[in-house]
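Here's the structure, in structure tokens; my notes come after.
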Amino acid sequence: MKIKSSLMAMGLAVSLFHATAFAQSPAELNDLEIAHVAYVADNIDIRYAHLALAISKNPEVREFANTMIRDHEAVNEQALALLKKLNAQPQDNFLSKSLQINAEKLIDEMSKLRGDEFDKRYAANELAYHKAVNDLVENAFIPNIENAEVKALFEAGLQIFKAHEGHATMMVGKLK
Amino acid sequence: MKLPTRREALVNTAAALSAAVFTPTSLSRAIASDGPSITHNVEIRKFKFVPDHLLAKPGDTIVWTNLDIAPHTATANDRSWDTGMLKKGQSKSVTVSEIESGGYFCRFHPHMKAELQIEQKDSL
């Protein structure tokens, strides 16, 4: 139920339907599929952050966006290094595809906003996005990852994303 | 780049870092303490400064090392000193001068906070 809530929060109702239809769920993904989801999720947040830097004039929002780019790029760098070490390639999957489709819609929506309206939407999305991803990583991915090094990287990543969730909570509060 | 003030620590570049935030002029203002100088290590791990409270005296060295994947900084609350960005595995050493006691934080993750307490010369 918790995983289902996460997916719904990420706007993945359609994906959930497909997941059921094809007997797929986040908990059934293999390590390489999970790695792909994480890489996609990282890059989506980096795209949101670049959008914020292009639109927002709020110093706090811009600082947050810069932190998202800095941290998610650092995580991606570690992930790619680990995959290279393991001589493995991440595998595309239903969840990665759904995340990307949903992100395109959100970017389209947010790119039409300006000023406070954008800042509040961006902040609210960052909070919801990190909450959903953290729930997914903590409850669906980490318990099912088989490779110890991949699991350790996800555990380290979760700490970062939880810090982002806390930071986003503060940002949302200040923008009210 | 922020230039030093009388309240700042003396910062030496450590490890592979080249972006020192204090000028060589500051080095001449180092104060030799009466006791032996000590090196204090502060690890940045799991989004915390460990230890998060440090007692040091003029002449001591403080070394911050980032063990997290995410880059961090150690920055005085009043911005009077700053280690600059520390990526995973990087360190920055600071030689304590007449820096005042006070809090510091990570500029990138403002919830990360710690305290630095500097003993004054006459209390040594």
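At-a-glance table
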item: A:LYS84 versus A:LEU113: modelled label distance in nm, points set 7 Å from Cα along the beta carbon direction; result: 3.7 nm
item: Per-residue ³J(HN,Hα) for the range B:43-60, Karplus 6.51 cos²θ - 1.76 cosθ + 1.60, θ = phi - 60°, Hz, x for Gly and Pro; result: 8, 10, 9, 6, 6, 9, 8, 10, x, 9, 9, 9, 9, 9, 10, x, x, 5
item: Calculated from backbone phi, Karplus (6.51, -1.76, 1.60) coupling profile of the range A:86-103 in Hz, x at Gly/Pro; result: 7, 6, 10, 10, x, 10, 4, 7, 4, 6, 4, 4, 5, 4, 5, 4, 5, 5
item: Residue-span extension gain [A:ALA27 to A:GLN91] - 0.36 nm each, minus C-alpha spacing; result: 21.5 nm
item: Magnitude of the charge dipole, the range A:2-175, Cβ model with Lys/Arg +1 and Asp/Glu -1, debye to 20; result: 360 debye
item: Paramagnetic reach from B:ASN41 (point 7 Å along Cα→Cβ, amide N under 16 Å) across the range B:59-83; result: B:61-68
item: Charge dipole (the range A:20-73, unit charges on Cβ, about Cα centre) - positive-most of A:HIS50, A:PRO26, A:VAL40; result: A:HIS50
item: Charge-dipole axis of the range A:2-175 as Lys and Arg at +1 and Asp and Glu at -1 on Cβ define it, positive-most pick from A:LEU136, A:LEU86, A:ASN147; result: A:LEU136
item: Cα-based reach from A:LYS85 at 14 Å (exclusive), listing aspartates and glutamates while leaving out same-chain residues under 8 positions away; result: A:GLU77, A:GLU149
item: Hz values of 3J(HN,Hα) by residue in the range B:70-75 - Karplus curve (6.51, -1.76, 1.60), Gly and Pro given as x; result: 6, x, 9, 9, 10, 9
item: Entries in A:LYS131/A:LYS151; A:LYS97/A:LYS151; A:LYS57/B:LYS113; A:LYS131/A:LYS174; A:LYS120/B:LYS92; B:LYS46/B:LYS92 that, when Cα-Cα distance is taken, lie over 25 Å; result: A:LYS57/B:LYS113; A:LYS120/B:LYS92
item: Amide proton proximity set for B:LYS113, modelled H, under 5 Å, gap of 5+; result: B:PHE49
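No value in this document is a laboratory result; all are computed from the given coordinates. Everything quoted here is computed from the prediction, not taken from an experiment. FYI the Cβ positions are ideal-geometry reconstructions off the backbone, even for glycines, and counts take in every protein chain you see.
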